[in-house]
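Below: one structure, written as structure tokens.
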């Protein structure tokens, strides 16, 4: 029987588990909590966590270097690329990757590399913006529910379960449908989609922290609840929240790119990574670089962020085990 | 057994109603006058506007609108499309099949790839096969469908002419989109199956089986794999959500017909009845499939069955 900790008692298998959580955050939820939000214990927990990590120092260095490069693209694109990513040059249309155009050109002769560099800013704005917004809201809801318990926890978590019944992209799509297509609305929509994920994970963490001895000690020593939350509960939630947030930036970037691909992205964003991939679809048979390079840039961002998230967690965990 | 199913369904109903409410109110509370959407901004007389308001029941209080929407939805009527003014359900039922096919094919592939590769990975633990499987699946689950799709098309449609790049209806057209979804979804399953098998492998009952003289093949298949499948099945339920929302994107990538493309068009046209019907149908399918997964789970693990009954 022992070692079957991954198994979940039947009554915990709700009709709507962590569902909807985007798959890239799943290892996090599962790694920490076991399937369906229960803490996995002992070897099971170790195993799941190890299964989802990439643990090499070189990996971390490459990941951080890549992310620094992306941030550089976002802040000072002019240094890395030409001044005008939208400049057309019909003579150079559909040129393959070369010394002049690392990633080739599109059908108007625009450099894919330049477009990618200039597309980094909106991509990171959506990724970081929606994660900060949704992550803060979701974490607060989760910590409040987990620490306070009682009817508040019950009601809020039922609501969160309902949100989780809508897979992430669909939840964002409802808001995209209802709002004008602007960058800030897209950030808002993706932030909403992240709220239930953060709430779930952070609630689990808060419940676990609450049952720790030092919280009991703080309670019996007469500290006020507010002090306990600020001094003990929240600091112990920082590590998982940071890890989840780091990984979620990648998820948000992918959702944003997918929305643009579907033609539902913000209209003012030019150039846009998702739109680039979409544009290249029609040329995939001969001029594969138009879609493939932007896709690779997005994928590398996702991988780098999950490598970084994993390491951040290890570094931030106040009490191990 | 019946009691288990009944309780799962009972737990699912409030969630479905809640989801319906979320979709319904989000689309109504946020700015935008439905009448302007229906008339597509064309100049209208006040009388025409009043007609539209009456036709779509927009004059009633929002709560009453929600009540009648819920009631009608129970009867399979999701209202009339803002753009075509025809019942949305007729369009949806025409387009549902390609999506169901895609989701089912992707699920089957995810199960086969996830469990198969996971088992192979565990059996070859530490070898290059294990490393290769882990690298490929990690890559697969990190790549968005909007990259996997074009890559698969490039490889299997234009480099090796195996499968058509786009379209829906025939089996060859189903292969690439299903594969794209499965590559995305199976990574986590592979890792979980591998991890669980390695864990079960070292348990005492396995040693006991060996001591008893049970063959290695039987131990791995009947005992280790079966025990490892329990957590994997739960995970598959979760992955369904990813498959369903991935299908929305995959349909556009592979130029397929289906609910996903219909949803995207609906959002583009601000066709709220269409959007809410499709999102609601997908969410309901997801909840129902999860109930089915729960039941499978109890079939797979007798201990859960005992707990459920008790």
Of the residues in region A:72-99, those that are closer than 21 Å to residue A:283 by Cβ and surrounded by 12 or more Cβ atoms within 10 Å (Cβ to Cβ) come to A:85, A:87, A:88, A:89, A:92, A:93, A:94, A:95, A:96, A:97
Exactly one of A:128, A:68, A:64, A:155 is under 30 Å from residue A:311 (Cα atoms), out of contact with any helix residue (DSSP H, G or I) (no Cβ under 8 Å at 6 or more places or on another chain) and modelled with pLDDT of 90 or more, and that residue is A:68
Residues of region B:74-98 being outside any loop (DSSP other than H, G, I, E, B) and out of contact with any helix residue (DSSP H, G or I) (no Cβ under 8 Å at 6 or more places or on another chain), in sequence order, are B:74, B:87, B:90, B:93, B:94, B:97
The residue that is modelled with the highest pLDDT, considering only those in region B:131-156 that are farther than 26 Å from residue A:272 by Cβ and within 9 Å of another protein chain (Cβ to nearest Cβ), is B:134
Selection from region A:251-263 of residues more than 7 Å from chain B (Cβ to nearest Cβ), within 21 Å of residue B:261 (Cα to Cα) and in contact (Cβ under 8 Å) with a residue 40 or more places away in the chain yields A:255, A:256, A:259
Only one of A:284, A:277, A:290 is assigned by TED's automatic domain parsing to the domain that holds residue A:178 and touching a residue at least 60 places away in the same chain (Cβ under 8 Å), namely A:290
Condition test on residue A:222, is it in a helix (DSSP H, G or I), over 18 Å from the mean Cα position of the chain (by Cα) and more than 10 Å from chain B (Cβ to nearest Cβ)?
no
Inset, instruction - Could you check, for region A:242-250, whether at least one of its residues is in a helix (DSSP H, G or I), touching a residue at least 40 places away in the same chain (Cβ under 8 Å), over 24 Å from residue A:125 (Cα atoms) and in contact with a helix residue (DSSP H, G or I) (Cβ under 8 Å, 6 or more places away or on another chain)? - result: no
Of the candidates B:176, B:162, the one satisfying the condition of being touching a helix residue (DSSP H, G or I) at 6+ places or on another chain (Cβ under 6 Å), away from chain A (no Cβ under 11 Å) and surrounded by 21 or more Cβ atoms within 10 Å (Cβ to Cβ) is B:176
Flagged in region A:251-263 as surrounded by fewer than 22 Cβ atoms within 10 Å (Cβ to Cβ) and part of a helix (DSSP H, G or I), in numbering order, are none
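For every residue, the table says whether it meets (1) surrounded by fewer than 21 Cβ atoms within 10 Å (Cβ to Cβ); (2) modelled with pLDDT of 85 or more.
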residue: B:181; (1), (2): no, yes
residue: B:186; (1), (2): no, yes
residue: B:197; (1), (2): no, yes
residue: B:210; (1), (2): yes, yes
residue: B:217; (1), (2): yes, yes
residue: B:228; (1), (2): no, no
residue: B:241; (1), (2): no, no
residue: B:244; (1), (2): no, yes
residue: B:270; (1), (2): yes, no
Problem - So residue A:132, is it buried (at least 24 other Cβ atoms within 10 Å of the Cβ), touching a residue at least 24 places away in the same chain (Cβ under 8 Å) and closer than 16 Å to residue A:256 by Cβ - result: no
Reported set for region A:174-188 where residues are under 22 Å from residue A:121 (Cα atoms), at the interface with another protein chain (Cβ under 10 Å from one of its Cβ atoms) and assigned to a helix (DSSP H, G or I) is A:176, A:185
Scanning region B:55-73 for residues that are loosely packed, with under 11 Cβ neighbours inside 10 Å and not in a loop (DSSP other than H, G, I, E, B) gives B:63, B:71
Here the residues within region A:264-302 that are over 19 Å from the mean Cα position of the chain (by Cα), more than 7 Å from every other protein chain (Cβ to nearest Cβ) and not in a helix (DSSP H, G or I) are A:266, A:267, A:268, A:269, A:270, A:271, A:282, A:283, A:286, A:287
The condition of being more than 20 Å from the chain's Cα centre (by Cα) and assigned to a loop (DSSP other than H, G, I, E, B) holds, among B:162, B:139, B:151, only for B:162
Residues in region A:77-101 that are farther than 21 Å from residue A:122 by Cβ, out of contact with any strand residue (DSSP E or B) (no Cβ under 7 Å at 6 or more places or on another chain) and in contact (Cβ under 8 Å) with a residue 40 or more places away in the chain total 2
| task | Kindly establish whether residue A:116 is in contact with a helix residue (DSSP H, G or I) (Cβ under 7 Å, 6 or more places away or on another chain), within 14 Å of chain B (Cβ to nearest Cβ) and over 22 Å from residue B:22 (Cα atoms). | result | yes
Checked A:206, A:199, A:217 against criteria (more than 24 Å from the chain's Cα centre (by Cα), away from every other protein chain (no Cβ under 14 Å) and either in contact (Cβ under 8 Å) with a residue 60 or more places away in the chain or surrounded by fewer than 16 Cβ atoms within 10 Å (Cβ to Cβ) (or both)); the one match is A:217
Selection from region A:278-294 of residues surrounded by 24 or more Cβ atoms within 10 Å (Cβ to Cβ) and within 22 Å of residue A:247 (Cα to Cα) yields A:294
Just one listed residue, out of B:13, B:23, is out of contact with any helix residue (DSSP H, G or I) (no Cβ under 8 Å at 6 or more places or on another chain), within 13 Å of chain A (Cβ to nearest Cβ) and either closer than 20 Å to residue A:174 by Cα or at pLDDT 75 or above (or both), and it is B:13
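The values are calculated or read from the model by the stated rules, or taken from the named source; none is laboratory data. Everything numeric here is computed off the predicted structure, so don't read it as measured data. When we count neighbours, we look across all protein chains shown, and the Cβ atoms used for this are built from the backbone with ideal geometry, even at glycine.
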